[in-house]
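The structure appears right after this line, and notes come after that.
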Amino acid sequence: MRKGFTINNRFGLLRRINKYRWRFIMRNGKIPAKTENVRKIWLLGLALMIIGLGGSNASAMDLMGPPTAELEKGMIRGGIEYSSSSMYLELIEGKATVYSVEGVLPPLFSGAILSETITDYKVNTIYASVGYGITENCEAFIRMGAAKATFGDTLWKDNEEFDSGNIDFAIGGGVKATFYEGFDWKIGGLVQINLAELDGKIDSSSWTIPQPHFVEISTTEMQIAMGATYLWTGWLSIYGGPFAHFINGDFDYELNRITEDVDSGQIFNDTREYSWQITKGPTFGGYIGAQIEIAKNYSANIEYQKTSNANVFGASIMMRY
């Protein structure tokens with residue numbers, strides 16, 4: 001053994017190497033998001049919040065994806081997103097107006113009605129989505145596509161079903177930012193809103209006389225999330241965290257009620273208009289997802305969201321360039 005290079009000396013050398021290695025990692029292993037970027041993300045988020053809460057369209061909870069920016073400044077991503085949501089829709093502050101079919105004024109009845117809860121409001125959406133890297137740690141995205149909604153046996157408890165029929169136009173967008181990056185971890189946040197308008201008919205096999213029932217659901221939805229993304233391997237990332245969900249809007253329902261007098265056989269009909277407010281939030285929940293690099297610059301996402309009154313499954317395929 002060489003003089004002056006004992007086992008103790010070797011351990012001492014290793015300790016010094018590890019000490020300087022740790023200092024190097026601490027100095028270079030994390031990239032805090034710039035203060036200016038953080039300020040921009042929340043200003044953009046606030047603008048989206050104001051637009052969203054003031055809107056009058058309908059939507060359902062959509063895929064969020066990783067809660068951190070994934071694009072460098074000037075980069076673009078594009079692809080397809082899909083989400084399927086099932087939630088409780090609370091209808092409050094109801095009003096009703098009843099007119100005779102002959103149009104006699106004033107209305108036969110006008111006043112408040114009970115609140116209702118739709119327990120199986122289901123919406124499927126598919127979007128074309130595009131994102132853009134605004135700065136090193138901030139990106140914005142917009143999505144456009146189509147939505148379709150259903151629910152059943154809720155308002156009349158008579159085996160009735162609502163179907164939005166033709167697929168309706170949907171649009172949304174948001175911003176996300178990275179606040180911290182290091183040691184295979186990213187921490188960030190996002191704000192997104194999703195807008196559409198859903199209308200269709202309610203019908204039931206139990207109704208012997210055809211009675212057209214028309215429904216228009218007009219709401220605005222917003223999600224605000226914080227979370228982390230962990231690089232599990234070179235091709236797999238896991239992400240998740242808490243989020244808040246807001247929904248606001250209107251539920252309008254119009255029908256021609258047709259009844260038949262059993263004794264005389266005479267047919268009576270009238271027009272009924274019902275309207276409720278939809279206001280709920282914040283409702284808190286959590287989400288978890290995985291992002292897989294399926295090829296160079298191509299990735300796929302799967303995601304699950306859960307709140308006290310909603311379940312959401314989402315998936316996407318994206319290309320970066």
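Readers should treat all values here as calculations from the given coordinates under stated rules, not as data from a laboratory. For clarity, every value in this text was computed on a predicted model and none was experimentally measured. For neighbour counting, all protein chains shown are included, and Cβ atoms are generated from backbone atoms with ideal geometry for every residue, glycine included.
Among W235, W276, a tally of other beta-carbon atoms within 10 Å of each Cβ gives an order, fewest to most, of W235, W276.
Our summary gives region 157-311 a relative contact order of 17 percent, counting only alpha carbon pairs under 8 angstrom and 6 or more residues apart. By the count of other C-beta atoms within 10 Å, a proxy for reagent exposure, F169, F179, F251, F162 are ordered fewest to most as F169, F179, F251, F162.
Directionally averaged projected area (region 137-259, Cα convex hull): 10.4 nm². Residue by residue, region 144-159 carries 3J(HN,Hα) couplings of 9, x, 9, 9, 9, 10, 9, 7, x, 6, 10, 7, 10, 6, 10, 6 Hz when phi is fed to the Karplus relation 6.51 cos²θ - 1.76 cosθ + 1.60 (θ = phi - 60°); x denotes Gly or Pro.
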